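The values are calculated or read from the model by the stated rules, or taken from the named source; none is laboratory data. Bear in mind that the values here come from a model prediction, so they are computed numbers and not experimental data. Heads up, the Cβs are rebuilt from the backbone with ideal geometry, glycines too, and the neighbour counts pull from every protein chain shown.
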Ligand code: NAD
């Protein structure tokens, strides 16, 4: 029979991921800080509890999908956190995007409680989460840990890659998202310019996507409403991957780059642009709203 999985963090991504575990026959014990999110998953068959600590007392395989480092620290090491009641031999999988050094810190504390912690951040948007098409980048100390992790993550994604020891999954993820932030702003700039030059947005996207400017942001997740069906740009930038989360990831890349003295000029500029967006009412809008932000700048 399928193992019971604990799940903490049922937001835009986690709700889909937990639902896919249910669909594939894993009983799920779930918790989120927002009661409404918990109730939605209960309706789909999960059993729900009142804290991360309670999740850990009922299951020995846990997945967490939380906004940022501070939430992950709280959920693992806080007074009602997972490590307060973790069972020996438990497997703790964090799929949030956080600081690699925080992942390493929690791994140390988990080891002290005889549990194994791995970082397994994901790439792919909410639709990939819904359709079990995520890519997981895993930082795991031992190959045998990775094998255990892979079996669970395969139920929620199509690619599970072992990057190296704990923290390296996060390293891979923040490199990817730095490039994504840069490419989204670039796509938004190019689309905005072309539209102002009189081009039809769909035609322009079609040309970019058969040319060398093509990228995920232009092809799969175009930021201009109506160019691609079923993405947040067509839904007033609701759902998806919030600009505040993108600003957070670009900040993680800047922290890491500063520490090791790697030059990241465009990553730095993208970080500044997303921070301005966050302070201009775009925090909760999907990060493809960079297009709308540029359009608004031009309005007179
Ligand atoms: P989200 O804000 O929609 O969901 C986070 C959930 O965590 C919320 O439901 C919130 O209530 C819950 N939460 C916060 N603090 C909590 C606590 N202390 N205890 C229990 N629950 C708590 O975020 P998301 O879009 O699902 O993203 C989650 C993570 O995945 C982030 O690190 C993000 O960077 C990353 N990510 C997101 C996407 C995307 O497209 N949305 C893609 C790849 C990676």
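Points to keep in mind about this one:
- For first residues located in region 263-287 and in contact (Cβ under 8 Å) with a residue 60 or more places away in the chain, partners that are part of a loop (DSSP other than H, G, I, E, B) and lie 6+ apart or on another chain with Cβ distances below 8 Å form the pairs 287/240; 287/241.
- Exactly one residue among 259, 252, 269 is surrounded by 15 or more Cβ atoms within 10 Å (Cβ to Cβ) and part of a helix (DSSP H, G or I), and that residue is 252.
- Any hit, region 94-106, residues being assigned to a strand (DSSP E or B), touching a helix residue (DSSP H, G or I) at 6+ places or on another chain (Cβ under 8 Å), farther than 21 Å from residue 252 by Cα and modelled with pLDDT of 95 or more: no
- Within region 61-81, tally of residues that are more than 10 Å from the ligand (Cβ to nearest atom) and either in contact with a strand residue (DSSP E or B) (Cβ under 7 Å, 6 or more places away or on another chain) or modelled with pLDDT under 95 (or both): 3
- Of the residues 193, 203, 153, the single one that is farther than 22 Å from residue 234 by Cα and out of contact with any helix residue (DSSP H, G or I) (no Cβ under 8 Å at 6 or more places or on another chain) is 153.
- Members of region 47-90 that are surrounded by fewer than 24 Cβ atoms within 10 Å (Cβ to Cβ) and under 21 Å from residue 123 (Cα atoms): 67, 68, 69, 70, 71
- The residue pairs whose first member lies in region 236-260 and is away from the ligand (no atom under 15 Å from the Cβ), whose second member is part of a loop (DSSP other than H, G, I, E, B), and whose beta carbons are closer than 6 Å, counting only pairs six or more residues apart or on different chains, are 257/264.
- Annotation note: of 239, 281, 234, the sole residue that is within 24 Å of residue 131 (Cβ to Cβ) and more than 20 Å from the chain's Cα centre (by Cα) is 234.
- Selected residue (criterion: nearest to residue 97 (Cα to Cα)) from residues of region 165-186 that are part of a helix (DSSP H, G or I) and more than 16 Å from the ligand (Cβ to nearest atom): 168
- Any hit, region 30-44, residues being exposed (fewer than 13 other Cβ atoms within 10 Å of the Cβ), more than 9 Å from the ligand (Cβ to nearest atom) and assigned to a loop (DSSP other than H, G, I, E, B): no
- Filtering region 120-130 for residues that are on the phi < 0 side of the Ramachandran plot, within 14 Å of the ligand (Cβ to nearest atom), at pLDDT 95 or above and more than 12 Å from the chain's Cα centre (by Cα) leaves a non-empty set.
- Checking each residue in region 131-143 for being in contact (Cβ under 8 Å) with a residue 12 or more places away in the chain, surrounded by fewer than 16 Cβ atoms within 10 Å (Cβ to Cβ) and under 18 Å from the mean Cα position of the chain (by Cα) picks out only 133.
- No other residue among 220, 227 is farther than 30 Å from residue 117 by Cβ and buried (at least 19 other Cβ atoms within 10 Å of the Cβ) apart from 227.
- Filter result for residue 146 (in a helix (DSSP H, G or I) and either touching a residue at least 60 places away in the same chain (Cβ under 8 Å) or more than 21 Å from residue 245 (Cα to Cα) (or both)): yes
- Residue in region 52-84 that is nearest to residue 8 (Cα to Cα), counting only those that are assigned to a loop (DSSP other than H, G, I, E, B) and touching a residue at least 60 places away in the same chain (Cβ under 8 Å): 67
- In region 1-16, residue farthest from the ligand (Cβ to nearest atom) [restricted to those that are outside any loop (DSSP other than H, G, I, E, B) and closer than 21 Å to residue 81 by Cα]: 5
- If you go through region 92-119 and keep only what is more than 8 Å from the ligand (Cβ to nearest atom) and farther than 18 Å from residue 81 by Cβ, you end up with 100, 101.
- Of note, residue 205 does not satisfy the criterion of being within 24 Å of residue 65 (Cβ to Cβ) and in a helix (DSSP H, G or I).
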